[in-house]
Ligand SMILES: NC(=O)c1ccc[n+]([C@@H]2O[C@H](COP(=O)([O-])OP(=O)(O)OC[C@H]3O[C@@H](n4cnc5c(N)ncnc54)[C@H](OP(=O)(O)O)[C@@H]3O)[C@@H](O)[C@H]2O)c1
């Protein structure tokens, strides 16, 4: 029998938020590594970037409970890994927040992840799979976006407890990227400036998300600039 | 007179906070989903009936509060729990838990601040949980909501103090002798070792300073362990809570009686 390095084995991945930003970069990386990828985003397949990789893509609004169930029943058979990147947020202080929109942010950043974890459990457990939740360094608190920070902290606390519950069945990892150059910040209401140039490149974050999910221990990993810099020589050597 | 708003004030810790506030001469408004519990509140307490899990009821509660006088103390206490292995708990119950424990207090806070309903030098107190330090396998979604609420408070703390003079605080109680806590405990007969809600309520009332309030020696000790050795605290919680809940769920007789 020929020996194969474990990370070379082809796996089936589910990636949410696959239409843009970090999720899109994760999809590209996984395709390049030869994995099978099922991707979802909110926009329709016809509005994807022209160079979008050739994967199974389905438009699903993750704030709709029924849509999540239908999608998982129809599209997902065997599954080794799930990387949940879909999320949204606004740079709004409490004075600028809109009480009626709090629910939407909680719904996409937290409730949807709970529904997905719940619906995916059986499939992941059957193959000793892994669940990756993409949080944010804002999970420690952020005055400029208290509601967003709260949802990411909720995801972290949920992931911590779930990792303990599923210890021997499905590994759960929460991956917290620092500011990433995906356009999310502009969308969230932070104008592009010189700081934007200092943000992490999405492909590097994607790399660290994919690797972080395979970590042996520790449910949480922060994807910081420091970690990026120390990995640069490693990347060059590959 | 100190004006106090307490969510979830009909039962448990919220009810204890109502008593403490009245004892100290406060004027109390209670917001709760429990209509019959509201009728049993002492005289003089204003009651607002609203199910915080219902977006329309939440909106009308916000409208009523926006028309009232500013409050000196707001205690965001309303919360529910669901315990058991995550994958066995109905997901709609977990969605409701998120609505009550996380969405509602954030939406209420937003509305109160924007309508200027918290007095200068007033206090905004969120009821979190000791699980923020030690985790809570067997109530993963609940643990998430309480961490979310704690970090929401942390995000507001400095900003509200500076701009409006409001003091934001989080109280992180351990196991209490309330219906809520005993119902969700793997060992419901351990009431003796639990903190009485009136003790926690008094601690909240007295704590005019500090951000994180951890009432009681046992809970303080656990919070310190959780901060120093989070991994070990999590493993202990898995053993003393989750594994017992797991055993209970696999006994069909107990499951049907709940
Ligand atoms: N960018 C950063 O600086 C940064 C830092 C830390 C953490 N993060 C986190 O990383 C994740 C990805 O962020 P990003 O920067 O890549 O943002 P992005 O480019 O805006 O991508 C967000 C993705 O989520 C999807 N999405 C949003 N709402 C959805 C819904 N209701 N249903 C289904 N899909 C939905 C979007 O789909 P459509 O575009 O098709 O609508 C898109 O694919 C988020 O969880 C974010 O919180 C980002």
query: In deg cm²/dmol and to the nearest 500, what is the mean residue ellipticity at 222 nm of chain A if only DSSP H runs of at least 4 residues count, each as -39500 (n - 2.57), divided by the residue total?
result: -13000 deg cm²/dmol
- prompt: If each residue's Cβ is checked for other Cβ atoms within 10 Å, how do B:209, A:44, B:140 rank with the fewest at the top?
  reply: B:209, A:44, B:140
task: Would you please state which residues of segment A:42-76 a label at residue A:101 would reach in this model, taking the label point 7 Å out along Cα→Cβ and a backbone N cut-off of under 20 Å?
output: A:42-43, A:61-64
- line: By the C-alpha gyration tensor axes a ≥ b ≥ c (rounded if a/c is under 1.5, else prolate when a/b exceeds b/c, else oblate), the shape of segment B:62-124 is prolate
field: Partner chain coverage, peptide A:89-102 - average Cβ within 10 angstrom
entry: 5
statement: Checked chain B with the C-alpha gyration tensor, a ≥ b ≥ c its square-rooted eigenvalues, rounded below a/c of 1.5, otherwise prolate if a/b is larger than b/c and oblate if not; verdict prolate
message: Per-residue Cβ counts within 10 Å, from other chains only, averaged over B:155-162: what number is that?
response: 5
- line: For chain B, averaging the sequence separation of alpha carbon pairs under 8 Å that lie six or more residues apart and dividing by its residue count, the contact order in percent is 19 percent
field: Ranked B:71, B:211, criterion: other C-beta atoms within 10 Å, fewest first
entry: B:211, B:71
- prompt: Among A:41, A:100, A:135, whose mean-square fluctuation peaks in a Gaussian network model of chain A (Cα, cutoff 10 Å)?
  reply: A:100
- request: Using a Gaussian network model of chain A whose springs link C-alpha atoms within less than 10 Å, name the residue from A:82, A:65, A:171 with the highest mean-square fluctuation.
  value: A:65
task: For chain A, calculate the relative contact order in percent as a whole number, restricting contacts to Cα pairs under 8 Å that are 6 or more residues apart.
output: 19 percent
Separation of the residue B:232 and residue A:232 label points, Cα + 7 Å toward Cβ, nm: 3.9 nm
- prompt: So if R0 is 41 Å, what FRET efficiency would residue B:179 and residue A:74 give, r being the distance between their Cβ atoms, rounded to the nearest 0.05?
  reply: 0.45
- prompt: Per residue of chain B, what 222 nm ellipticity follows from adding -39500 (n - 2.57) for every DSSP H run with n ≥ 4, rounded to the nearest 500?
  reply: -14000 deg cm²/dmol
Percentage relative contact order, segment A:130-210, counting C-alpha pairs under 8 Å, at least six apart: 31 percent
- prompt: Quick one: of the DSSP bridges fully inside segment A:12-237, what percent are antiparallel, nearest 5?
  reply: 0 percent
message: Quick check: pseudo-label points 7 Å beyond the Cα along Cα→Cβ at residue B:23 and residue B:224, how many nm apart are they?
response: 2.7 nm
statement: Footprinting proxy, A:197, A:123: sorted fewest to most Cβ within 10 Å, the residues are A:197, A:123
- line: With R₀ set to 22 angstrom, the calculated FRET efficiency between the beta-carbons of residue B:43 and residue B:1, to the nearest 0.05, is 0.90
field: Linear extension gain, residue B:211 paired with residue B:92, 0.36 nm per residue minus alpha-carbon span
entry: 39.5 nm
statement: Honestly segment A:12-237 on the Cα gyration tensor test (a ≥ b ≥ c root eigenvalues; a/c under 1.5 rounded, otherwise a/b vs b/c for prolate or oblate) is just rounded
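A short reminder: the numbers here are calculations on the coordinates, not readings from a lab. Computed from a prediction, not measured in an experiment: that's the story for all the values here. Backbone-built Cβ (ideal geometry, glycine too); neighbour counts: all protein chains shown.
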